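What follows is a short report on a single structure.
The values are calculated or read from the model by the stated rules, or taken from the named source; none is laboratory data. Model, not experiment: these values are computed from the prediction. Glycine also receives a Cβ, built like all others from the backbone with ideal geometry; neighbour counts cover every protein chain displayed.
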Amino acid sequence: MTKYFTRLTPNFNNWIKPSGREGKCESSDPTCLIYEDTNGFGWEEWLFEDYFVNLNDPDFECNGFVEAFNQQNTDKEIVDRLYLYTKLCNNNKGLKPGCYFVGYISNVKLIPPLSKDPQEVVSDLINVGINQNNFSPMLSLAKNISFRVKDVKIKFLNVYNQPIELNRGQFRFSLYDLNDHTNFLPSINNYL
């Protein structure tokens, strides 16, 4: 069974649509900017849009975006289990900055990138105060994975309840193999 974990952009709308700049992180390295800081959002903020619309159909194939598969790790056609966490930075919601376990998706399939409706993107961004005209280069890559409704295991209401511990170097939007990064599982075992 292939098991990986990766980071998502923080979101206060259950990753249905963008939630604005609140909680987004800045890069500590000015030569390596973070998309969410530069643009005020991340494409994974629509990750569970299809999921919530189709909750009554457990076999529905949802499409979403995960940065770890954006023009990298494309050799992984199927990931048996993809654990997700988010890194929350400064916010006015009274939440402690840190890393938070989101949950996991089983049977994640990589798909050829799909575009997202540009009018929907503009509308969703304007609704959270982001006047973003610079998203066009990523629009055609806006969906790169698929998964079934029944394979999502997330306690959406409890995401920001308890921070988790990660090791230095595990904060990037990369794909981390749990065979090599065994420290991740013990910190989330009480959430499963």
Legend entry - Hey, Gly42 over 18 Å from Phe135 (Cβ atoms), in contact with a Leu (Cβ under 9 Å, 6 or more places away or on another chain) and of a type in the set (Gly, Ala, Ser) or not: no
Inset, instruction - Tell me, yes or no, whether the stretch 91-100 has at least one residue that is closer than 15 Å to Tyr176 by Cα and buried (at least 21 other Cβ atoms within 10 Å of the Cβ). - result: no
Inset, instruction - Scan the stretch 28-62 for residues that are assigned to a helix (DSSP H, G or I) and among the acidic types (Asp, Glu) and jot them down. - result: Glu36, Asp37, Glu44, Glu45, Glu49, Asp50
Inset, instruction - May I ask you to verify whether Val122 is free of Cβ contacts under 8 Å to residues at least 24 places away in the same chain, surrounded by 14 or more Cβ atoms within 10 Å (Cβ to Cβ) and more than 17 Å from Asp50 (Cβ to Cβ)? - result: yes
Inset, instruction - Name every residue in the stretch 176-192 that is buried (at least 18 other Cβ atoms within 10 Å of the Cβ) and at pLDDT below 90, in order of residue number. - result: Phe184, Ile188, Tyr191
Inset, instruction - Could you identify the single residue in Phe173, Phe135, Phe156 that is buried (at least 19 other Cβ atoms within 10 Å of the Cβ), aromatic (Phe, Trp, Tyr) and touching a residue at least 40 places away in the same chain (Cβ under 8 Å)? - result: Phe173
Legend entry - Flag for Glu49 being over 15 Å from the mean Cα position of the chain (by Cα), under 26 Å from Ser136 (Cα atoms), surrounded by 16 or more Cβ atoms within 10 Å (Cβ to Cβ) and modelled with pLDDT of 90 or more: no
Inset, instruction - With respect to Phe184, determine if the residue is touching a residue at least 12 places away in the same chain (Cβ under 8 Å) and more than 23 Å from Asn70 (Cα to Cα). - result: no
